[in-house]
């Protein structure tokens, strides 16, 4: 028997395939999968660590300060020089209140001051003459007193002589009459002196009234100037919903005015992220309304308190940050105020969503 006919076939070649390449391919796929998984883990850890060091949030809005434009006097509005949403420069005329009543007050105050000045001038012209009259009246009083005292002294000497017969009744009566007459002369001289003193004091009184008259005129002129309302700074008119003829009340807001000189972002960060945020840090911001523009900002501060949603008692003045979920206990968010550098007023609008990333300190700030 042929020996080759009894040999057993090689199982490795029975199927017609080589086992080497298949095993190598599976091993390569396994290694590649592990490498990709490892790289994914590394990248995930790096991304997590980067996000921890550079917190990012889209729970942020652009803000600017808003004031109420309220007149300081009351009256009907006769002219409105702006429209709603209009941008105006500081010093531009916003609206005018009817100045008629206030102009009359100015005219009355001017007339009162002019009349007072004329009285003062007349009093000054008479001052020298009045002072002379005062001196003459004082001299007349002194003379009348001297004559009265002399007559009274004579009467005192005559009265003891009457019972002894050294003086007659007629002499005593004549002396008494003279004393009474000189008393009247003294009273008359004192009256003239008082009149002269009053005339002198009127000049000082008139001069003392002038500051008050000037103050009344200044107040009237100031109130007249309040009838024209000017923009206090560069800004934008907001909420103008009145027409000419509306009655403006002193201290009551007519419309709002947005201060476009300074913009900032209020970004709400989770409380665990606050440990990586400090005042002075740099931030990068872009608005969802214009994502192609990037703006730089600086962290001005972190709110020290927010209104708790677990507390039914409202604390006035505290910011309120709404939570996203009510049935899951999630981290509280705190507002972080970021001042924007070189904002573009044409892009920034109050309330626009601002995606904010904290990029850390710059080297000039010490690096951190």
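With respect to the conditions (1) surrounded by fewer than 16 Cβ atoms within 10 Å (Cβ to Cβ); (2) modelled with pLDDT under 95; (3) in contact with a strand residue (DSSP E or B) (Cβ under 9 Å, 6 or more places away or on another chain), residue 198 lacks only one, and its number is (3). Residues that are in a loop (DSSP other than H, G, I, E, B) and modelled with pLDDT of 90 or more were ranked within the stretch 294-343; the one that is nearest to residue 283 (Cα to Cα) is 341. One residue is enough: does the stretch 265-286 have a residue meeting the conditions under 24 Å from residue 89 (Cβ atoms) and buried (at least 18 other Cβ atoms within 10 Å of the Cβ)? No, the conditions are met nowhere in the stretch 265-286.
Tell me yes or no: at least one residue of the stretch 213-227 is on the phi < 0 side of the Ramachandran plot, in contact with a strand residue (DSSP E or B) (Cβ under 9 Å, 6 or more places away or on another chain) and surrounded by 15 or more Cβ atoms within 10 Å (Cβ to Cβ).
yes
Within the stretch 344-368, the set of residues being at pLDDT 60 or above and either in contact with a helix residue (DSSP H, G or I) (Cβ under 8 Å, 6 or more places away or on another chain) or surrounded by fewer than 11 Cβ atoms within 10 Å (Cβ to Cβ) (or both) comprises 346, 351, 358, 360.
The values are calculated or read from the model by the stated rules, or taken from the named source; none is laboratory data. Note that the structure is a prediction, hence the values are computed from the model and not measured. Please note: Cβ atoms are built from the backbone with ideal geometry, for glycine as well, and neighbour counts cover all protein chains shown.
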